Amino acid sequence: MEMIGWFGSILLAFCGLPQAIESYKTKSSEGLTWGFIGMWFVGEIMTIIYILPQMVLPLLFNYTANVIFLSIIIYYKINPKK
């Protein structure tokens, strides 16, 4: 069962990767609204805070990876290069 958890977590963690790559390539996150980005980011941080004491590693990996990808997306939302 733990392998299923890890596999699911890895798939979910890397859902944000294509958008982070696209934002990096285009140097912009123009198509994403601040509402979406903000709720996604706050949700990830709050979930990390919730699961941190439990140390559920697959989930911690998932949410930490998403925060990293979101940081790239937010950077290019704030600093678009046109």
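Annotations
- Residues that are in a helix (DSSP H, G or I) and either open to solvent by 40 Å² or more (accessible area, probe 1.4 Å) or touching a Gly at 6+ places or on another chain (Cβ under 6 Å) (or both) within region 63-80 comprise Tyr63, Thr64, Asn66, Ile68, Phe69, Ser71, Ile72, Tyr75, Lys77, Ile78, listed in sequence order.
- Among the residues of region 23-55, those identified as surrounded by 15 or more Cβ atoms within 10 Å (Cβ to Cβ), within 30 Å of Met3 (Cβ to Cβ) and not hydroxyl-bearing (Ser, Thr, Tyr) are Trp40, Phe41, Glu44, Ile48, Ile51.
The values are calculated or read from the model by the stated rules, or taken from the named source; none is laboratory data. These numbers were taken from a predicted model, which means no experiment stands behind them. So basically every Cβ, Gly included, is an ideal-geometry build from the backbone, and we count neighbours across all protein chains shown. We work out accessible area using only protein heavy atoms, side chains counted, and drop any ligands, DNA or RNA first. Shrake-Rupley method; radii C 1.70, N 1.55, O 1.52, S 1.80 Å.
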